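Report on one structure; see the data block that follows.
The values are calculated or read from the model by the stated rules, or taken from the named source; none is laboratory data. Every value quoted in this text rests on a predicted model; they were computed, and no experiment measured them. Here the Cβ is made from the backbone with ideal geometry for all residues, glycine too, and neighbour counts use every protein chain on show. Heads up: the accessible areas ignore ligands, DNA and RNA and are worked out on the full protein's heavy atoms, side chains in. Shrake-Rupley method; radii C 1.70, N 1.55, O 1.52, S 1.80 Å.
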Amino acid sequence: MNNVLKGLFATTMALLTAMPASAKYQQTASDLIDNQVMGVAYSGFREGQHPDRGNGAVNPSDAEILEDLNILLDHDFNLIRLYDSGENSETVLALIKQHKLPIKVLLGTWLEAEISNHEGCPWLLEPIPQEELNKNALSNGAELARGIGLANQYPNIVVAVNVGNEALVDWNDHMVSIDSVINYVKHVKASIKQPVTVADNYEWWIKDGAPLAEVVDFLGIHTYPAWENKTIDEALAYTIENIKGVHEALPNKKIAILEAGWASQAIEFGDRASEEKQKRHYNELKDWATKTNTTVLFFEAFDEPWKGDPNNPKGAEKHWGLFNVDRTPKQVMK
């Protein structure tokens, strides 16, 4: 090696050595949730079924849930995410235990609005009355108590608990203050043995997440390139950029992607949505997650026709499933 090359080599090594650790994103196997790379968000509502939207829920039967769980196991999913601690989630946990299914659960606790975000949420057209917000705060306390109870009742199934889902990002319709969420996290952590997290958009974590990051056990990140007008060719690079941004902002915290997905059809996305592109995003994300030891809860297991505008059957909200609502597999699962 001549002197010029030696000089270039020395300069390059010095730059690499000086590079802050936060600029590199690489986790260890111990950072995975239950040693799982790919899990899936699960909600079992079929045609004509839905969670409580003010007039009561229409939940799937035990047999339907058991069928779903076995479908997921047949496709090598041993980690699922549930979004609340209500009756339906309790049934899922009971069936896993009863049938000794090798499935672990990231259990959710759903938080209703404690702040009226009518000025920030595009579809919240009227202020939420204060009386309703007060009731929601009481309901949130009861939900947290249910989640704590289920985590303690099923300690060998529930591997982590999530407090709230997109309750902090500035466009949501169920906003809760960061101070309240921090207090909720502290309460749950003091009451269970499992790790505790909060799920929200990557951008919120980067800009505003530092106080919350101090109290959670790991960061729960959502990233959706399709919603940000990215093509499938841009999707993986954009996802990696999102995660690196969080890591650089909060370098000492473990990261798990609690939602990432690609709609198989969506009038909002045009030809950017397809089963073929969903399959590509899933496989590319899985490959990257395997290399970086990042758990990904892909959104979602089954299509949910109850979501979104009932007059828009091709709306994106209804078509994120890896399986159709009739439980037939899409391309990615074939």
Item to complete: Would you point out the residue of the range 126-177, among those that are acidic (Asp, Glu) and either under 29 Å from LYS104 (Cα atoms) or part of a loop (DSSP other than H, G, I, E, B) (or both), that is least open to solvent (accessible area, probe 1.4 Å)?
Response: GLU143
Discussion item. Looking for something polar (S, T, N, Q), modelled with pLDDT of 95 or more, surrounded by 17 or more Cβ atoms within 10 Å (Cβ to Cβ) and within 24 Å of ASP34 (Cβ to Cβ) - is there at least one such residue anywhere in the range 224-239?
Written reply: yes
Fill in: Members of the range 262-278 that are small (Gly, Ala, Ser) and either out of contact with any helix residue (DSSP H, G or I) (no Cβ under 8 Å at 6 or more places or on another chain) or more than 17 Å from GLU300 (Cβ to Cβ) (or both)
GLY270, SER274
Worksheet item: Does the range 251-266 contain any residue that is under 22 Å from SER43 (Cα atoms) and in contact with a Pro (Cβ under 9 Å, 6 or more places away or on another chain)?
Response: yes
Worksheet item: In the range 74-97, is there at least one residue being open to solvent by less than 20 Å² (accessible area, probe 1.4 Å), part of a loop (DSSP other than H, G, I, E, B), over 30 Å from SER177 (Cα atoms) and touching a Phe, Trp or Tyr at 6+ places or on another chain (Cβ under 8 Å)?
Response: no
Response to the item:
Residue set GLU259, GLU284, GLU241; condition touching a helix residue (DSSP H, G or I) at 6+ places or on another chain (Cβ under 7 Å) and either in contact (Cβ under 8 Å) with a residue 24 or more places away in the chain or not in a strand (DSSP E or B) (or both); output residue GLU284
Worksheet entry | Selection within the range 28-45 - free of Cβ contacts under 8 Å to residues at least 24 places away in the same chain and either farther than 22 Å from HIS247 by Cβ or not polar (S, T, N, Q) (or both) | none
Worksheet item: Does GLY308 fit the bill of being over 16 Å from MET38 (Cα atoms), part of a loop (DSSP other than H, G, I, E, B) and small (Gly, Ala, Ser)?
Response: yes
Discussion item. Just to be sure I understand, how many residues within the range 213-238 are assigned to a helix (DSSP H, G or I) and hydrophobic (A, V, I, L, M, F, W, C)?
Written reply: 7
Item to complete: Could you list, in sequence order, all residues of the range 24-60 that are exposed (fewer than 13 other Cβ atoms within 10 Å of the Cβ) and either part of a loop (DSSP other than H, G, I, E, B) or touching a His at 6+ places or on another chain (Cβ under 6 Å) (or both)?
Response: LYS24, GLN26, THR28, GLU47, GLY48, ARG53, GLY54, ASN55, GLY56
Worksheet, complete the sentence: Taking the range 98-112 and keeping only residues that are farther than 18 Å from VAL185 by Cβ and in a loop (DSSP other than H, G, I, E, B), one is left with HIS99, LYS100, LEU101, PRO102, ILE103
Worksheet item: What is the one condition in (1) surrounded by fewer than 24 Cβ atoms within 10 Å (Cβ to Cβ); (2) under 23 Å from ALA210 (Cβ atoms) that ILE257 does not satisfy?
Response: (1)
Fill in: Within the range 95-128, considering residues that are of a type outside the set (Asp, Glu) and free of Cβ contacts under 8 Å to residues at least 12 places away in the same chain, the one nearest to ILE80 (Cα to Cα)
LYS100
Discussion item. Going through SER85, SER61 one at a time, which residue ends up being hydroxyl-bearing (Ser, Thr, Tyr) and without any contact (Cβ under 8 Å) to a residue 12 or more places away in the chain?
Written reply: SER61
Worksheet item: Could you count how many residues in the range 287-325 are touching a residue at least 24 places away in the same chain (Cβ under 8 Å) and on the phi > 0 side of the Ramachandran plot?
Response: 1
